Every structure is written in C-alpha cells, then in structure tokens.
Amino acid sequence: EPKCNPSQTHPQKETMNLIVANIPLCIWFQANQRSEILCGLCASGSPEPLERVLDVLLACGEFSWEDYHNVRVQGRPLHANARHLLDLVYAKGEAACQAFTEAIREVRPEDPGRVTGMLLTRRPTLVAELQSCMDGALEALLESGCFTHEDCGDVRLPIHTPSQQARRLLDHTVFKSFFTSILVYLSITELLIYQKKLRSSVSAQSSFLNTYGGTGHMLLDDIYTEGQLELAQDCKDQGHLGLEDIIGTAGNVNQEADTVLISGDAGSGKSTLLQRLHLLWARGATLPEFVLLFPFSCRKLNSELNELSVQKLLFHHCCWPDRDQDEIFRFILDHPHLVVITFDGLDELKQSFSDERRVCCPTEPAPVHVLLFNLLQGSLLKGVRKVVTSRPEAVGSTLRKHLRKELFLKGFSPDGINCFVKKQHHDLSVASKVLASIQANTALFGLCHSPVLCWIVSQCHKELLGCGDGTPQTITDVYLMILQHFLQHQNASKCSEGATLLQEHLGGILHLGQLAFQGVEASCYVFAGTDLETCCVTDKEICAGFLTQSKEMSFPQSLRYEFLHVTMQCFFAALYIVLSNNTDRSTVAKLFEADFSSTCFWSCLSVDHRQGLAENPNSQITATFVSGLLSQRHRHLWLHCTPTTTVEKKARQVVRCLHNGMQEHFKSIPPPVQCEKKSMHAMPGFVWLIKCIYEMRESNMAEEVLSQLEVDHLKMTYCNIGPVECTALAYVLKHLRSPVGIELDNNSVGDVGVEQLLPCLHICKSLYLRNNNITDEGIRKLVAKGIQCDNFQKIALFNNRLTDACTQHVSHLLKTKQNFLSLRFVQCSWCVWGWVKILITRSSVFFGGQWRGQRRSSCPGQDAREWHITGGPVVSLASLRKCSTLQLIPLPLLHCTRLTENCITREGVDCLVQALERNKRIKSVWLRNNHLSPEEVVEMTRRESRLIF
Ligand SMILES: Nc1ncnc2c1ncn2[C@@H]1O[C@H](COP(=O)(O)OP(=O)(O)OP(=O)(O)O)[C@@H](O)[C@H]1O
C-alpha cells in the first residue's frame, strides 16, 4: 500500500495542481501519479471519497451500474477498490479520465492526512484536553452520526481511566471518516461551542416569516412551500431541484468559482428559500458537511459604514465567538470548504458589483461592499462556498464570470399554489373557496405564481371572496386589496370602503408613502426611528400592518423597521407619487425613462454620485404601480384625496412616457435583411413597458401605442416571461394590426401562461414556445383555440414536458387545420406510437432529433435498439412521401443505426424502399438484425443499395 505520511504535502493537493497544470490526462493516470491518487482516495480510511467520485461518474454517464458494482465490492479492502477504479477509468480512455478529474474536483476531499496528522502529532495534548470535555465530544459525535452508541459505550467503559478513555476515542476516530476527526478537533477547541451558538442564532433568526410580522407570527415550518428552482444553464433532464442542489454538483459551470447565484423576480421567494436553508442547516437537517454557515442580508449590510476585516464582518454581523476568536478564524482559513456564507438580496446593496478593488488579506479592513465583492470573486476566503440571491436585472457580466453556477427561482407551481393556500388556511372549506376563486380567474391564477402575491391574495381572502366578479386582475389590484385589508382592520367599528376609506387614512398613507419613496430613491429598505420621525410616521401608522420590525443583529439596542416586503414599499412610493403634491413635476417622467442606467431617481443623481452605485430595479416596480394607480379604473379612489386635474395630468404623463418608451423600442428595430422578415428582438425593458400598459388596462391606449409596431416577428427569448407577463402580452398584443410570429423560447410560460396567451392567438402566425415547462394540458388548450384561428400556422414546442397524451391533440390540429404549415417537436417524451399517430396525419412536420429525445425521456435506461418499430409504423413513415415538405424523413434516418434490431418485417422495408425512391438525401439506412429472411435481405439489397443489412 502507498505510504500516506500526513506531515507531507498532501497528494490530493498535488493532484489538483496537476490538473491545473493541464498535463495530458492519460499520462497523468500512468504509474507515476497512481500511488498519489490512491493515497488521496484512501488516506482517510473512509470509503466516502471513493464513493463520492463514483456518484459523480455515475451521474455523468461515464460509469454504468456494472462498472459501479465492479469497483465497489463489499468486503474488499478500500485500496483494492480504489485500484480497480483507476484501472477502469484508465481503460475507458481520455473522456473517462477527464470525467474522473472533474469528479475529484467536485468531491474536493478535505485533506484528511492533515487532520488525522494533527490528531497524531497533538496526541499527548489531546489526551489531556479531551478528558475535560469528553461528554461534549461524545455527544457531538453521536449527534452527527459519526459514532454509534456502541462506540460511545466502548470509549466510556468503566475499566478505563479518563486518559485511557481519551486515547480510546482518538483510536476510534482514526478508522472513521474525516468529519469524525474534525468533530474531535472541534470538541477540544471552542469551535463546538461556537458552532452551537451560531446554529442557535441562525435558527432564532430564521424560524419565523417576516411578512407575517404585523399580522401574527407564522413559523416557517408551517408555511414553507417549495418553489420551482431551475438551473439557468440549459440542462436537459435536470428534474426537480431541491435545497441540497444549491450547493450540489448539478449545473456547475465553473469549478474554480465559489459563488452560486440564485436569481428570481421580486417576491419569487429568494429570501424565504435562503431562510429555509439556514433553518435546516441550524438543525443539522441539510448541508451537514458544512461546519459553519454565516448568513448575511445585503439590505442590512448597507447600514455598516465602518471599514471591517473579513474576520470582523463574520463575527460582528453574524455571531460573536465568546472565546478563542483567532483560533476559530484560523479554522475557517484552514478549512474553507467546511464553511458557507450566504448573501441575500445583492440587488439591494447600494453599490453595484465591481472587481476593481482587490482585497486578499483576511485581516485587511475595507468597506463592507468591497469585502463582499472580494468574497464573491474568491479573492478572500477562497474555497468558502458563497450563495448569493439577486433579482436578475442586477446581475451583470462582471459578476457572472465569477459564478460557479446560476439557479432561477420561478415562484410557485400550480401545485405549490394549492399547497400554500391550504397551509395558510387550516379551515379546509375556506381554503377550497379561496382556491376556487383563484382558479376561476386565470389572470389571478397567473399572479399567484409569485409567492408574495399568493400570500397577499390568501391573506385577503375575505375581500377576495366578497368582491364577486371584480376579482383582482392586475398587480395593482392585488396591492389595493391588501391596502384596504389593513385599513379596514384599523377601522374595526366603522365600515367604510374604497374612496372613503382612503380619504380617512390619507395622512397615514402619505407618511408611509414618503418614507417608502425616499427609501426607493436612496436604495434604503431599513428605517431608523429618525427616518420615521422625518416623515411624521406615528405609532398608530407603525402598527397598521405595513411595517415590520427589522431583525437587525448589529443594532440590537435600536428599533428599526422595514416594509412587509420591498414590493409593498414600492407600492407606497407609487401611492405617494400619485397623491402627494410635494413631488417634483418631473418625477413621473424620470420614473419611466426606459434605459435602466438613466431610470427614475437614478437620473436625479449627479454623475459623481452615481459612480459605483447599484442600479435600482425597484424603480421599475414603482413605475408599474404608478401606471396601475393612475388607470381609469382606479381614478375614482383618489376623488377625495387630491384634485382630479392633478391625477389626470399625471395619468397623461404616464401614457406619454409609455408611448415614448415603446417608440424607442420600435425605433431600434433594424430594417429587414433582403428576403428575411422584419424582426424585433425585445429586451426585458420592453416586457416591463407592456406590463405597465396592462396595469392601465385601457384598450384605446394599448391600440394606439401598438399602432406603430410593424414587424413580422417578435422575439422575446430569455426575457423572464412567466404567466403574469403572458397575461400582459396577450392584452397588449391582441391590438396588433397584422399577424406576427411570437417567439417566447426559454422563458417560464407554463400551462397557465399558455392559457393567458390565448386571447392574442388570432394575431399570431407562429408561436415558439421551446423550453417553457409546458405539459399536455397546455397543448390541449392551445390546440382547442388554435384551430379557430386562421392566421395560426406554426408552432415550436421543443423541450417541454409533453407525453404521449398530447399527440392526440396534435393530430387533431393537423387534421382540422388544413393550412397548418409547421409543427416542431424535439425532446418530447413521446413513445414511438405517439409519433406514428402524428405521422399518419398530413402536413410538413419537422422531427429533428426525435429519436434521441425518446431514448432519453420516455424509455429511460433503454437503448434505441429496443424499440419495436415494426412494419406498421414504417408504412406510416412511408406514407409521408406524399407530404409537401419532407423534412422529417431525412433526419431520423440519417442516424441509420437507429433502425437496427427493430423487428422490421418485409412489409416495412417495402415501404421504406418506396420512401427512399423520393428521397435522395439519405445515404444509407441500417437495417441489421430485423425480421427478414436471408432471401428477403438479398432481394431488398438489390432493389435499394442504400439499405444496409
Ligand atoms: N417558499 C415559500 N413558502 C411560503 N411563502 C413564501 C415562500 N416564498 C415566498 N413566500 C412569501 O412571499 C414573501 C416574499 O418572498 P421573498 O421575500 O422570499 O421574495 P424575494 O424573492 O426575496 O423578493 P425580493 O427580491 O423582493 O427581495 C415572503 O415573505 C412569504 O410571505
């Protein structure tokens, strides 16, 4: 066996260096490195590193189950298993070696020699130290699962003296995992005590949900509902992602980077997701491999004006070690991969990300944002895993290059909405009424995909159930509902509504509005008592429900407040803009300036002031609310609050801004290249303007704004379009004068979004919905409407969640709509019979990559050769020779091996020959091992030389 001397430089580190040095992998695998890799995999005595490498190799497909079992032979010594693994990897060639090195990087095993070595060299001192903390050490080992009760009993045997017990414990540790060694190490230092303190403080901070602050406490455990978390990169078959995947290996794109980004829209649940992660870590229920977790909120970091070192930042802002600060920090520096730091709400930081100022020394003080940026880049605390959340608008390319991976949080799924409402209302009859009311209004159902809106809607169930036909349609409607809800709470005895209610509370609304407005202006979301005084916010207004006390660790003495949610702050800022006479006349215009860097308040700042400051996505949300509040539908509410002429003037300003904003986009459309269609590639700002127009819900205005849009094709790929945006798009685009192609690939349209798009299907020539999480139900609704729309002639649905069940709708569409031109499906989970059903209908159908898709999705674990494409289906394939555009035949058949071993009979080959007569593009068709006699093979080869038997 190779000798593993813990005091030497660790072989795994060497391995890493080699990988970095890019030595050809096969050479690297040859004998001279072998013993070092072996030692790296086995030095801890635990099979864990080897097993984790195997997990990665299995997951990436380099190893089959057979390989796995060949390596992991129970009862065989660990070194023998590891040797077998190396042999196998080497035998498999370069690709496997590559995957193996990646796997080692993924697993990045701790330097076990270092810790076990430390236990060895410090053995005499440890024996002495352990005697005084034996109980704590055993408790921790038992709790973590590293020791069993028998192990503890063995250590504790009464025949042993205390020093013998300590020695026994150390002896046991040598044969256990690396984590056991770490725990023993923690036990004799202050670390274990610090970890406990940190866990309990993280648990205390994350047990309750903030939004319920003013309306009663809600335990996170009782209300947490899983949201839809997806990898940003186009990862096929990624399936459902959970909390552990945030740090897990799935979707890693830059192995050298430490930072994972979770992006999502306002209210999509990013903070709540992190809160859940913190709570579960504090309980030891997730990320057990991380010894310390430090949670930060960027919103709160804004108020730290002193320069700090990283050590101070961690200890001062998260949890203060009562003793041995330096030793604990040393542990963090020495074992970075056992530590996670989370930063919630990067978009709320006053400064935008920059990698210009480098700080590499952990004791060097620097402004907090500089520390944060250096942590994210890995210049500080390299190896510590960082998880950061942000709105997508606030993430630029400079940060992206430092990301290990990016995940998108897309709010609740339809099932999630169901589950959340039931958790919110224990009375089942109320829950079902609320759900029925939400489902009856598809616009509202779309809105409820956003957790914050779902929370408001279900919080205001009385208002919701009492509003008859007038249920909320827009985001502004939902926020007006909660405004009314809280105001009515204050009016317990009186029963005023609408305009009267607002008039009665105008003073309070303006005070809170001013606070919110100034906050949005200055990217300030936490308010001190003095801020409240400046805006004359009274105690009664504080208790009205819109504000909640901030859980600020660094200012425990002084009370600080936040709005229930930042979108609530934007709503109050919008109310202030609409109702106050004290705002600048140009406020509305500035709010709508389309270019983000010159939006709103941003442009009020001098250039010097702007430098380094973050852009403010909350201005756009405020602008959306201003549009809604100034719409015709809501103007009656302000009758008694502010002169009608002022409101009308502001409304005209909004309309003008929207009009101008759209014109800017239209002007950016390049003239069409010869023979190509005129196409507009919309930016997220365009979608935002569409949402503002929808909030106003004024048909004339929408029609007028769109009258100047002359394009054949509207491309809105990667624009973060979900059901809410689809509602707005359909409302606005239905006013287009001539039919267009609408490309919505790579968004989160889903079935609910598809339903929302139906009102504009009549002006839609083609609809591209690739990669949009659409199921058969969505297709059913799309087809039902599509067959009534003359212009609708083309649909692309690659990479959705379609099964065989939807093929009947597709064939119905093809049969019913004689003018349907093109249907594009790739990577759908259809089995071959589903395809056949469509194939036998008429049309030009593009089936590129279909076989691959089937193999991956609908027949997991099966090879294409196992499909039974018998004579019947081939007849159907052949029948397609009558089609006008024969795009489909060449593609699947070009991969000719695909028809090998498919039980094809003479009848099938006959049809194939006829089809091939019309198709000269196919060079060869492999038909080996089908159901043909030797005579039939000879005959067919004579008839068609491209057939290979
Ligand atoms: N997974 C969830 N389960 C239950 N409720 C949730 C969940 N996610 C969000 N919510 C509700 O929605 C509210 C807003 O969510 P959260 O603050 O997490 O969104 P966010 O994406 O961080 O928003 P922002 O970007 O504006 O900070 C929460 O306070 C909570 O009431």
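Derivation of every value follows stated rules applied to the coordinates shown; laboratory data play no part. All values reported here derive from a predicted model rather than from experimental measurement. Positions of Cβ are backbone-derived with ideal geometry, glycine not excepted, and every protein chain shown enters the neighbour counts.
Quick rundown of the values:
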{"quantity": "Net charge of Cβ neighbours under 10 Å - reference K382; Lys, Arg +1; Asp, Glu -1", "calculated": "-2"}
{"quantity": "Residues with amide H under 5 Å from that of I948, placed H, sequence gap 5 or more", "calculated": "V925, W926, L927"}
{"quantity": "Stretchable slack from Y718 to K649, in nm (0.36 nm times residue separation minus alpha-carbon distance)", "calculated": "21.3 nm"}
{"quantity": "Added length on full extension, which subtracts the Cα-Cα distance from 0.36 nm per residue, E704 to E936", "calculated": "76.6 nm"}
{"quantity": "C360, C146 arranged by Cβ crowding within 10 Å, fewest neighbours leading", "calculated": "C360, C146"}
{"quantity": "Computed label-point distance, nm, for sites C361 and R323 using a 7 Å Cα→Cβ extension", "calculated": "3.0"}
{"quantity": "Gain in span if fully extended, L465 to Q439, counting 0.36 nm per residue against the direct Cα distance", "calculated": "8.1 nm"}
{"quantity": "Cα-projected label distance for D55 with S303, points at 7 Å along beta-carbon direction, nm", "calculated": "4.0"}
{"quantity": "Spin-label pair E256/K92, simplified geometry with 7 Å Cα→Cβ offset, distance in nm", "calculated": "2.6"}
{"quantity": "Modelled FRET efficiency - R0 45 Å, L157 with K401, Cβ distances, 0.05 increments", "calculated": "0.20"}
{"quantity": "Packing-based order for 634-643, 263-272, using average beta carbon neighbours within 10 Å, highest first", "calculated": "263-272, 634-643"}
{"quantity": "Per-pair calculated FRET efficiency, R0 = 22 Å: I223 and L428 via Cβ, rounded to 0.05", "calculated": "0.85"}
{"quantity": "Between segment 77-99 and segment 406-471, the alpha-carbon center distance in angstrom", "calculated": "53"}
{"quantity": "Ranked by how many other beta carbons lie within 10 Å on average, peptides 370-377, 748-755, 579-586 from highest", "calculated": "748-755, 370-377, 579-586"}
{"quantity": "Estimated FRET transfer efficiency (E289, D135; beta-carbon r; R0 30 Å; 0.05)", "calculated": "0.75"}
{"quantity": "Per-peptide average of other Cβ atoms within 10 Å, ordering 344-350, 737-743 highest first", "calculated": "344-350, 737-743"}
{"quantity": "Exceeding the 29 Å Cα-Cα cut-off - candidates K667/K815; K405/K715; K270/K423; K691/K781; K196/K386", "calculated": "K667/K815"}
